[in-house]
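Novice: Mind having a look at this structure? Questions to follow.
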Amino acid sequence: MRGFIDAAEAVLGLPIDCPLQTHDQTLHSVNKSVTQTEYHTKELTDHVACQPVYGMTNGADMSSQSPKKILVVEDEPEIAQLVKHYLEKDGSRVDIAKSGAEALKMIKSERPDLIILDLMLPEIDGIEVCKKVRSTPDTALLPIIMLTAKAEESDTIVGLELGADDYVTKPFSPKALVARVKALFRRLERETTDKRPHLTYSLLSMNVESHEVTLNEKEVVLTAKEFGLLEYLLRHPGRVLTRDVLLNAVWGYDYFGTTRTVDVHIRRLKLKIPMLDQAIISVKSLGYKLSDQPPAK
Ligand code: CA
């Protein structure tokens, strides 16, 4: 640990046990300069060896569960180590991948619960990693938070279209990133335990038990599959759902058909419930996402 702290102190230019806010502000400026040199990263020093501190449970609400495994994919060693440090302080287990290729290998071998993915990486960039993760059935739902620089805002949008669950813009505060990680885990936890019999989305309302859907209090008649598809989308707002994921969830693993079936049913849902035309977003070459910001009532 000392090696990392020394390195962090060297990066930050101040002792590691100074108040957190100072760290955040300083990291902010460190990141700013890193961002400016994002395209000339080759001269950066080798990453500092640091023993993983598994199972540290300083973080309050993660202590009761087994630690989450997070893969940080970042080619700037200083940023990677700081992010690792803050996440470990919060009780997570953290691995670092320094390139897209290494990330893809580690996703297979380490099976992380979440990836923090830098956009600008040598050779295979963050967008390619994201695409690959989403289009592989095993990892289609693996949560991804993308790290991008301000100047890459158009890429950020591409990243979200390609299936990142959230993104954080560099320069960022590590504490804010940890908060985003926790928020995403909370959201996913809610999704997996979600048994709500009533689902609402703006003026749309679904009673799962009585199989009724209303839009602005008027009944909408849906087929069983349209109903199942809408229910799945309503239970996973903001998540990129690939056609395979939707097909398995609604039609079942033994369904003998093509993923185009999903497109046909999405089209029908949009025809029957016009507000979904905007709210269900097509994710290029992957699938669909129900916007997590429902249209105003
Ligand atoms: Ca980078």
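The values are calculated or read from the model by the stated rules, or taken from the named source; none is laboratory data. These figures come from a predicted structure and were not determined experimentally. FYI the Cβ positions are ideal-geometry reconstructions off the backbone, even for glycines, and counts take in every protein chain you see.
Novice: Out of all the residues in the stretch 253-260, is one or more under 28 Å from the mean Cα position of the chain (by Cα) and within 23 Å of D166 (Cβ to Cβ)?
Specialist: No, because not a single residue in the stretch 253-260 is under 28 Å from the mean Cα position of the chain (by Cα) and within 23 Å of D166 (Cβ to Cβ).
Novice: In addition: Tell me which residues, restricted to the stretch 200-225, are surrounded by 14 or more Cβ atoms within 10 Å (Cβ to Cβ) and touching a His at 6+ places or on another chain (Cβ under 8 Å).
Specialist: Listed by number, the residues that qualify are S205, M206, V208, K225.
Novice: Kindly evaluate D194 against the criterion of being away from the ligand (no atom under 16 Å from the Cβ), in contact with a strand residue (DSSP E or B) (Cβ under 6 Å, 6 or more places away or on another chain), modelled with pLDDT under 90 and among the charged types (D, E, K, R).
Specialist: So D194 fails the test.
Novice: Also: Filter the stretch 123-144 down to the residues that are free of Cβ contacts under 8 Å to residues at least 40 places away in the same chain, among the hydrophobic types (A, V, I, L, M, F, W, C) and part of a helix (DSSP H, G or I), then identify the one that is nearest to A164 (Cα to Cα).
Specialist: Among those residues, the one meeting the criterion is C130.
Novice: Please verify whether S66 is part of a helix (DSSP H, G or I), surrounded by fewer than 21 Cβ atoms within 10 Å (Cβ to Cβ) and away from the ligand (no atom under 16 Å from the Cβ), treating the condition exactly as stated.
Specialist: When the stated conditions are applied, S66 does not pass them.
Novice: Looking at (1) more than 12 Å from the ligand (Cβ to nearest atom); (2) closer than 27 Å to P237 by Cβ, can you tell me which one L147 breaks?
Specialist: Condition not satisfied by L147: (1).
Novice: Go through the stretch 226-260 and give me each residue that's charged (D, E, K, R), over 15 Å from A140 (Cβ atoms) and crowded, with 16+ Cβ neighbours inside 10 Å.
Specialist: E226, E231, R235, listed by residue number.
Novice: Kindly establish whether L104 is assigned to a strand (DSSP E or B), under 27 Å from K289 (Cα atoms) and either at pLDDT 95 or above or among the β-branched types (V, I, T) (or both).
Specialist: Taking the combined requirement at face value, the residue does not satisfy it.
Novice: For the stretch 214-225, name all the residues that are closer than 14 Å to P274 by Cα and without any contact (Cβ under 8 Å) to a residue 60 or more places away in the chain.
Specialist: T214, N216, K218, E219, V220, V221, L222
Novice: Among the residues of the stretch 224-243, is any within 24 Å of S210 (Cα to Cα), touching a helix residue (DSSP H, G or I) at 6+ places or on another chain (Cβ under 6 Å) and among the hydroxyl-bearing types (S, T, Y)?
Specialist: yes
Novice: Among the residues of the stretch 211-244, which ones are among the small types (G, A, S) and over 30 Å from F185 (Cβ atoms)?
Specialist: Matches in the stretch 211-244: A224 only.
Novice: Do you know which residues across the stretch 269-297 are part of a helix (DSSP H, G or I) and touching a helix residue (DSSP H, G or I) at 6+ places or on another chain (Cβ under 8 Å)?
Specialist: Within the stretch 269-297, L269, K270, K272, L276, D277 meet the criteria.
Novice: Taking the stretch 201-211, which residues are without any contact (Cβ under 8 Å) to a residue 60 or more places away in the chain and farther than 12 Å from R235 by Cβ?
Specialist: S205, N207, E209, S210, H211
Novice: Output the residues belonging to the stretch 75-119 that are within 13 Å of the ligand (Cβ to nearest atom) and within 14 Å of T139 (Cα to Cα).
Specialist: A103
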